[in-house]
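> The structure's right below; bear with me while I get my questions together.
The values are calculated or read from the model by the stated rules, or taken from the named source; none is laboratory data. Remember, it's a predicted structure, so these values are computed and weren't measured experimentally. Using ideal geometry, Cβ is built from the backbone for each residue, glycine included, and neighbour counts are taken over all protein chains shown.
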């Protein structure tokens with residue numbers, strides 16, 4: 001499973017089609033600590049460019065990506081992989097903040113939360129279908 005997530009192109013496969021998500025550039029041939037990845041996507045029809053840094057890379061166990069440019073003020077995503085009962089338990093932990101502080105949270109916070117839940121539920125379904 002870690003190998004699947006080690007290929008940025010697979011992000012397109014597990015991201016809902018309504019986001020029109022595309023990987024447009026990667027700074028290294030293989031993902032590793034320090035890799036920069038550029039994406040394009042649409043959120044509610046609005047186009048965004050997203051640049052992420054692979055901040056931590058511990059093959060087979062964990063990696064962390066942090067947004068450097070994109071729709072959030074903060075996006076820090078930890079992916080952990082743990083061998084468990086003849087399978088792999090994958091856990092996503094995301095810390096994020098919407099732009100515009102309290103005002104942004106008040107206006108868009110619940111919408112963003114619902115969007116993120118839908119995205120990760122979609123990923124869960126695709127991963128389950130892919131890996132059983």
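> Residue by residue through segment 77-123, note down the ones that are out of contact with any helix residue (DSSP H, G or I) (no Cβ under 9 Å at 6 or more places or on another chain), farther than 19 Å from residue 19 by Cα and surrounded by 14 or more Cβ atoms within 10 Å (Cβ to Cβ).
Matches in segment 77-123: 78, 80.
> Regarding segment 95-117, can at least one residue be identified that is over 18 Å from residue 1 (Cβ atoms), assigned to a strand (DSSP E or B) and in contact (Cβ under 8 Å) with a residue 24 or more places away in the chain?
yes
> So, of the residues in segment 24-41 that are touching a strand residue (DSSP E or B) at 6+ places or on another chain (Cβ under 9 Å) and exposed (fewer than 13 other Cβ atoms within 10 Å of the Cβ), which turns out to be nearest to residue 57 (Cα to Cα)? I'd like the intermediate steps shown before the answer.
If we filter segment 24-41 for residues that are touching a strand residue (DSSP E or B) at 6+ places or on another chain (Cβ under 9 Å), which is where we start, we get 24-28, 31-41.
Still in the running and exposed (fewer than 13 other Cβ atoms within 10 Å of the Cβ): 24-25, 28, 34.
Working: 24: 21, 25: 19, 28: 13, 34: 9 Å.
The extreme case among them is 34.
To keep it simple, each residue is scored yes or no on (1) under 20 Å from residue 8 (Cβ atoms); (2) modelled with pLDDT under 95.
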position: 30; (1), (2): yes, yes
position: 57; (1), (2): yes, no
position: 61; (1), (2): yes, no
position: 72; (1), (2): yes, yes
position: 87; (1), (2): no, yes
position: 103; (1), (2): no, yes
position: 121; (1), (2): no, no
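> Next up: Given the conditions (1) over 22 Å from residue 13 (Cβ atoms); (2) surrounded by fewer than 15 Cβ atoms within 10 Å (Cβ to Cβ); (3) out of contact with any strand residue (DSSP E or B) (no Cβ under 6 Å at 6 or more places or on another chain), report the number of the one that residue 68 does not fulfil.
(3)
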